[in-house]
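Right, one structure below, let's go through it.
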Amino acid sequence: MMKTIILDDWEKYMLNHPSITELKKISEVEVFTDKPSFNNLIGRLKEADIIIPIRERTKIDKKLIDRMPNLKMIAQTGTGLAHIDIDATTKANILIATTPGGSTKSVTEITFSFLLNLIKNVHHLDYSMKNNLWPETIGTNLHGKTLGIIGLGKIGGSVANIAKTFGMNVIAWGPTLSEERALREGVKYTTLHNLLETADAVTLHVRLVPDTIHLLRSEHFNLMKNSAVLINTSRGKVIDEKALIEAIQKGNIAGAGLDVFYEEPLPKNHPLRDLNNVLLTPHVGWKTQETFNNFLNGSIKNIKSFFIENNPQNIINKEELNHKCNK
């Protein structure tokens, strides 16, 4: 019987999930909820035929792949593959199947949680009220403000649609975005330079690839309005974190909402923790019950489609799939 290992179920959501019963009909299943050392990880995976990693929590590099001689499939939750050495995986005749979609709505929602909180100053007002104050302040509206979206994929497009319902002007730029595709989303395409100069709020929704590491740096933060806010729910490394901190400390921008960081978990005594105009959440934008359900059920479907139904779905290294099927 096949053996399937589910890694990094830190929230223990999948441990007793009803869908595990369905998977156990075709495979032995073990679910791990801790953060093991590399040697312990090797011990757990050496007999695995299939692994289901939770997002990008475990780095699956050549060093690890070489220690998994039985592995036939990585049933990845989500579509992010920055943690996987795809070349080494393919050379080892291991298939990679992804679960498309799943977190678009949840990431869109936390983006607007940040945006509304920052624009309406909710966190400061709440703190004042709980300290027996009644602050006499004047807020501002989202309606009529300009939202600059960097990366207009599924999540960026979803954010654009919600922004328009608030009556915001929406502009977008992305490393691969074209004017034609922006127009199809009902969004005005612009340059990165103009987006940063124009937007009252900037939100990032790009993948982490070599070209997007430190996509925003000091020179970019200097272009932004000093009343503007920045929201990052994509990946921490797409911005130069030190440059962002400096920009906020100098008042070059008004604040930020961050769900992702260069180093996770965020170290104790990190300077971001001391900035009262920065909202921090521990990379939870994607984490909802619905997302976890989609991830697990999608992974099980991918496993069954290949091993049981001989009709593989969502395989990203198709060249290797064709090689295996033609053996």
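The values are calculated or read from the model by the stated rules, or taken from the named source; none is laboratory data. In this text, all values refer to a predicted model and were calculated from it rather than measured experimentally. Don't worry about glycine lacking a Cβ; one is built from the backbone with ideal geometry, like all the others, and counts go over all protein chains shown. Accessible surface is based on the protein model in full, side chains and every heavy atom, while ligands, DNA and RNA are left aside. Shrake-Rupley method; radii C 1.70, N 1.55, O 1.52, S 1.80 Å.
For the reader, a short list of remarks on this structure follows.
- The stretch between SER19 and MET2 holds 4.4 nm of extra length on full extension. This uses 0.36 nm per residue minus the Cα-Cα distance.
- Under the criterion of Cα pairs below 8 Å and six or more residues apart, the relative contact order for the chain equals 16 percent.
- Taking a straight Cα-Cα cut-off under 15 Å and skipping sequence neighbours fewer than 8 places away in the same chain, the aspartates and glutamates within cross-link reach of LYS24 are ASP49.
- Under the simplified labelling scheme, the ILE213-GLN249 pair shows an inter-label distance of 2.4 nm, with each label point 7 Å from Cα along Cα→Cβ.
- Take the range 157-275 with all the other protein chains still there, run a 1.4 Å probe, and you get 48 Å² of accessible area per residue.
- Surface composition of the chain: carbon plus sulfur atoms hold 49% of the accessible area, using a 1.4 angstrom probe and ignoring ligands, DNA and RNA.
- Charge dipole of the chain (Cα centre as origin; +1 on each Lys and Arg Cβ, -1 on each Asp and Glu Cβ, all else neutral): 480 debye, rounded to the nearest 20.
- In terms of accessible area, using a 1.4 Å probe and ignoring ligands and nucleic acids, TYR262, TYR13 rank largest first as TYR262, TYR13.
- Comparing HIS123, ALA160, ASN141 along the charge dipole axis of the range 102-254, the residue lying farthest to the positive side is ALA160, per the Cβ-charge model.
- Computed with a 1.4 Å probe over protein heavy atoms only, the accessible surface of the range 6-78 comes to 48 Å² per residue.
- Gyration tensor verdict on the range 97-168 (Cα atoms; rounded if a/c is under 1.5, prolate if a/b is larger than b/c, oblate otherwise): oblate
- Each Lys and Arg adds +1 at its Cβ and each Asp and Glu adds -1 at its Cβ; summed about the Cα centre, the range 208-327 shows a dipole of about 220 debye.
- Members of LYS25/LYS46; LYS164/LYS188; LYS62/LYS91; LYS3/LYS301; LYS12/LYS35 lying beyond 20 Å, as alpha-carbon distances in this model show: LYS25/LYS46
- Calculated [θ] (222 nm, deg cm²/dmol) that DSSP helices of n ≥ 4 give over the chain, each run adding -39,500 (n - 2.57): -9500 deg cm²/dmol
- Relative packing of peptides 274-287, 196-209 - highest average C-beta neighbours within 10 Å first: 196-209, 274-287
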